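The values are calculated or read from the model by the stated rules, or taken from the named source; none is laboratory data. The structure presented is a predicted model; accordingly, all values stated were derived computationally and were not measured. Glycine gets a Cβ as well: all are built from the backbone with ideal geometry, and neighbour counts include every protein chain shown. Surface accessibility is based on the protein's heavy atoms, side chains included, excluding ligands, DNA and RNA. Shrake-Rupley method; radii C 1.70, N 1.55, O 1.52, S 1.80 Å.
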Amino acid sequence: MKKCSSRVLTGGMKAFTLHDMTQQLIAERKRGIGGSDCASVFNLGYGCRKRLWYDKRNETQDFPFEENDAMRLGKVLEPFFAAKYCEATNRNVKYSQDAPAYYHHDHPELLVHVDGIVTDDEKGMGVLEIKSVGRAMFYKIKREGLPHDYIMQLQHGMLVTDLKWGSYAIGCRDNGDMIHWDVERSEAICNEILYEGLKFWAQVQNGPMPDALEPDDRRCQNCQYRTKCQGEALQPAVASSDYEADESLSSLVQEYSERRELLKQAEELLDEVKQELMTK
């Protein structure tokens, strides 16, 4: 049996200087459109074209982004799922969190930091996309398939590297389960990424500013640029200047909000267990 090789980030505590690593990657991604940016060019996923435009032009954020523990845990677990993928597929995987970016051979404004390069005896080299997600998202992907931004990200990676196939390793950070499968490069999607990517980068350099989403789009509520972009459109209107708040109800309102949140969390946990039972 062929022996797998998985090159992962090692070297003691120094290996987990994720803040410094992230700052280095952010600085590099400012020079072009990366895989995680691709969906935003099409107003898909968590972001939008205008948010990305602000970001690439180094506009000051109204609400600076803060990486949470779930995001950090996802990065820490990537080497684990890379090794697990290698064992499950018996393929060679070259993986490193601090690997240099690839640039498109004709259009260096398109770049990508791949999670890994996988080698198959019959198919040759492909792009490996690793996702470490929570249990609810993991079972949602098993039921419904991938979100659009995940699909665009891997196609972008294949476009930039000029590889013809890729593979997903979707891991659950709650219990270590993993699913994996291969996809072929879609020339139709890659051509759209190339066309819109170059068009967007011209906007970054010379304008005009992209259109904003509708103010009631839920993505706007937590956007780092929401005040700069939407202004008062996101502010709740007050019907009358004579309105006076009744502070005597504040404690009941707070208690109601807390209990409603507990109920929501309990329902989500129950749904996760239900979905897990259905997929076993």
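Just to be sure I understand, how many residues within the range 115-150 are acidic (D, E) and closer than 24 Å to N43 by Cα? Step through it out loud before you land on a result.
Here is the first cut: in the range 115-150, the ones acidic (D, E) are 115, 120-122, 129, 144, 149.
This time we only want the ones that are closer than 24 Å to N43 by Cα, so: 115, 129, 144, 149.
Number satisfying all stated conditions: 4.
Among the residues of the range 200-213, is there at least one that is closer than 30 Å to V118 by Cα, of a type in the set (V, I, T) and touching a helix residue (DSSP H, G or I) at 6+ places or on another chain (Cβ under 8 Å)?
No - not one qualifying residue is present in the range 200-213.
Pick from the range 113-145 the residues that are free of Cβ contacts under 8 Å to residues at least 24 places away in the same chain and either in a loop (DSSP other than H, G, I, E, B) or among the β-branched types (V, I, T) (or both): which of them is surrounded by the fewest Cβ atoms within 10 Å (Cβ to Cβ)?
Selected residue: E122.
So how many residues does the range 168-214 have that are surrounded by 12 or more Cβ atoms within 10 Å (Cβ to Cβ) and polar (S, T, N, Q)?
Residues in the range 168-214 being surrounded by 12 or more Cβ atoms within 10 Å (Cβ to Cβ) and polar (S, T, N, Q): 2 in total.
Would you call W165 among the aromatic types (F, W, Y), within 30 Å of Y139 (Cα to Cα) and open to solvent by 50 Å² or more (accessible area, probe 1.4 Å)?
no
Give me the pairs: first residue in the range 149-178 and among the acidic types (D, E), second residue at pLDDT 95 or above and crowded, with 20+ Cβ neighbours inside 10 Å, beta-carbon distance under 6 Å, and six or more apart or on different chains, which are they?
Listed pairs, sorted by first residue: D149/A39.
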